[in-house]
1. Where does the chain land on the Kirkwood hydrodynamic radius, alpha-carbon pairs, in angstrom?
2. Might you tell me the accessible area per residue for the stretch 3-243, computed with a 1.4 Å probe and given in Å²?
3. Summing Lys, Arg as +1 and Asp, Glu as -1, what charge do residues with Cβ under 14 Å from the Cβ of H208 carry, H208 excluded?
4. About its Cα centre, how strong a charge dipole does the stretch 3-243 have in debye, to the nearest 20, once Lys and Arg get +1 and Asp and Glu get -1 at the Cβ?
5. Rounded to a whole number, what % of the accessible area of the chain do carbon and sulfur atoms account for, probe 1.4 Å?
6. Restrict the search to the stretch 113-197; then list the trypsin sites (Lys or Arg not before Pro) that DSSP places in a loop and that have at most 16 other Cβ atoms within 10 Å of their Cβ.
7. Test of understanding: what is the full-extension gain from V212 to V242, defined as 0.36 nm times their sequence separation minus their Cα-Cα distance?
8. Suppose we take every Cα in the stretch 1-119 and form the convex hull; what volume per residue is that in Å³?
Amino acid sequence: MAQALFISDLHLAGERPETSERFFRFLGDEATRASALYILGDLFEYWTGDDELSAADGEPLARQVAQSLRRLSSAGVSVQLMHGNRDFLIGGGFCAASGARLIDDPALVDVCGTSTLLMHGDTLCTDDHDYQAWRRTARSPGWQGDFLAQPLESRRESVRQMRARSKAVISGKPEAIMDVTPEAVQEAFRRHGTRRLIHGHTHRPARHLLEVDGMQRVRWVLPDWYGAGGYLAIDDVGGRLVAF
Ligand code: MN
């Protein structure tokens, strides 16, 4: 039976090797039995640029992840990758190295016969105005062009500063602001005319049933991997969230 697996918010980083090890085991085990693996953003804690893969002093983890994904995609599993709010600078170089295909956010795809809307989830957190303003800047070709034109070492330093700033900002924000707004969720279902939405980002894994315009819909929220981690599996019968 065809099965699609969904993960997000692994936040892989050199300083948390347990999570990377967990991910490599998942790629060598559960993922090999799937027909498709969807990575819905924040695979990495941060991404300074694809040249991290080729630089002599490049982050070894970046290369290990690309190689592990390459083994999976070469074995015939379709690997689809969406940007998150942390690794949105992943580009063609990483895709070429890993065999992953970059998909848009949002993406409407057929999953086991059901039209399914995939998102990272950050665009659903519309009450977080500061973040949405930063997102518009960081996703603009102008900002990205300027950033990527800097030497790798300066980009690493900028990312270190951005992470420190982001930590300070997040710790000062009320919990509710960091979750999706019901209006944004309804609007997404309405605009794409779909019954199923899968996203991550909020780190609040759940299966939410809701009604929009008189139609029953389901919203799956993926777990992060800061804790034990896990994934969503969907086949012809339905979906289930699996925690490790
Ligand atoms: Mn995120």
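1. 18.5 Å
2. In whole numbers, the stretch 3-243 has 46 Å² accessible per residue.
3. +4
4. Approximately 260 debye in magnitude.
5. On the way: 5860 of 11240 Å².
The C+S portion of the solvent-accessible surface of the chain is 52 percent.
6. On the way: sites: R135, R136, R139, R155, R156, R160, R163, R165, K167, R190, R191, R195, R196; in loops: R139, R195.
For trypsin sites (Lys or Arg not before Pro) across the stretch 113-197 that sit outside H, G, I, E and B with at most 16 neighbouring Cβ atoms in 10 Å, the list reads R139, R195.
7. On the way: separation 30, 0.36 × 30 = 10.80 nm, distance 2.68 nm.
Computed gain between V212 and V242 is 8.1 nm.
8. Numbers: hull volume 10.6 nm³, N = 119.
Roughly 89 Å³ of hull volume per residue.
The values are calculated or read from the model by the stated rules, or taken from the named source; none is laboratory data. The structure presented is a predicted model; accordingly, all values stated were derived computationally and were not measured. Cβ coordinates were reconstructed from backbone atoms using ideal geometry, including for glycine residues, and neighbour counts include every protein chain displayed. Surface areas here come from the heavy atoms of the whole protein model, side chains and all, with no ligands, DNA or RNA. Shrake-Rupley method; radii C 1.70, N 1.55, O 1.52, S 1.80 Å.
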